[in-house]
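What follows is a short report on a single structure.
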Amino acid sequence: MIPNHTHEGVLPPFIPGSSPSDLGAVAPYRTDLASFAERFAGTEERKAILRGLVAYRAALRAVGIASGFQWLDGSFVEDCEAIRERAPNDIDLITFSFRPKAYADTTVWRELVHSRPDLFDPEATKDIYKCDAYFVDLGAHPIHVVAQTTYWFGLFSHQRDTYLWKGMIEVPFTENDNDVESLLMQEVCNAS
């Protein structure tokens, strides 16, 4: 379930009045990508960002990264149009996944990462897919995974300018995105 925005225009970090032991009542809020798209595809700018996200996910799958989950955040999950009086420029995301078996060797993995800035360089992913994208290898040493998760959760759970505490979304990376592509294509066809 994706909660409503707070009066500050952000997702709440937890649902007020819920039990702290209810994992569904705290960020990151788990949902599927289709529900996420239905909730946040309200403008043409947002639909373009969602199309970029779907294309980015397809590009990751094409190199064998097809498991895990993604945290979605940034101005895209805020009521950016109301609080900033503009559309979001991109979507912030972190992919948490195991590297594919073909890249189990660290040297081979590094070669992939360096040869594919379109997947692993945030500036390139922003330009190509409208995704400020980062990757956490779940197969790394647990100390590294915990350190990366702590870093990204701390960063994503607060607004950059105001330091306001906020929530984020988690979507599985194991699903295909055909339903989201269909939803976005219907929107394009309906607009024509």
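The values are calculated or read from the model by the stated rules, or taken from the named source; none is laboratory data. Since the structure is predicted, the reported quantities are computational estimates derived from the model, not experimental observations. Here the Cβ positions follow ideal geometry from the backbone for every residue, glycine too, while neighbour counts run over all protein chains shown. Just the protein is used for accessible areas: all its heavy atoms, side chains included, with ligands, DNA and RNA removed. Shrake-Rupley method; radii C 1.70, N 1.55, O 1.52, S 1.80 Å.
Looking at segment 80-174, what strands (runs of 3 or more DSSP E) fall wholly within it and have at least 1 residues that are free of Cβ contacts under 8 Å to residues at least 60 places away in the same chain? If you could, list the steps in order and put the result at the bottom.
Numbers: elements: 91-97, 131-137, 169-172.
Correct list: 91-97, 131-137.
Within segment 57-79, work out how many residues are open to solvent by 10 Å² or more (accessible area, probe 1.4 Å) and either in contact with a Gly (Cβ under 7 Å, 6 or more places away or on another chain) or in a loop (DSSP other than H, G, I, E, B) (or both). Step through it out loud before you land on a result.
Filtering segment 57-79 down to residues open to solvent by 10 Å² or more (accessible area, probe 1.4 Å) leaves 58-59, 61-64, 66-69, 71, 75, 79.
Narrowing further to those that are either in contact with a Gly (Cβ under 7 Å, 6 or more places away or on another chain) or in a loop (DSSP other than H, G, I, E, B) (or both): 63-64, 66-68, 79.
Selection size over segment 57-79: 6.
Could you run through segment 80-110 and say how many residues are crowded, with 22+ Cβ neighbours inside 10 Å and under 21 Å from His5 (Cα atoms)?
Going through segment 80-110 one residue at a time, the tally reaches 3.
Return the only residue of Tyr151, Tyr129 being open to solvent by 80 Å² or more (accessible area, probe 1.4 Å), aromatic (Phe, Trp, Tyr) and within 26 Å of Ile49 (Cβ to Cβ).
None of the other options fit; the residue is Tyr151.
Here are Ile83, Ile91: which of them is within 10 Å of the chain's Cα centre (by Cα) and of a type in the set (Val, Ile, Thr)?
Selected residue: Ile91, the only one of Ile83, Ile91 that is within 10 Å of the chain's Cα centre (by Cα) and of a type in the set (Val, Ile, Thr).
Could you check how many residues of segment 6-18 are open to solvent by less than 60 Å² (accessible area, probe 1.4 Å) and at negative phi? Before the answer, list the steps.
First, the residues of segment 6-18 that are open to solvent by less than 60 Å² (accessible area, probe 1.4 Å): 6, 9-13, 15, 18.
Those still in the list that are at negative phi too: 6, 10-13, 15, 18.
The number of residues fulfilling the criteria is 7.
Specify the residue that is nearest to Leu184 (Cα to Cα); the eligible residues are those in segment 1-56 that are in a loop (DSSP other than H, G, I, E, B), without any contact (Cβ under 8 Å) to a residue 60 or more places away in the chain and of a type in the set (A, V, I, L, M).
The selected residue is Met1.
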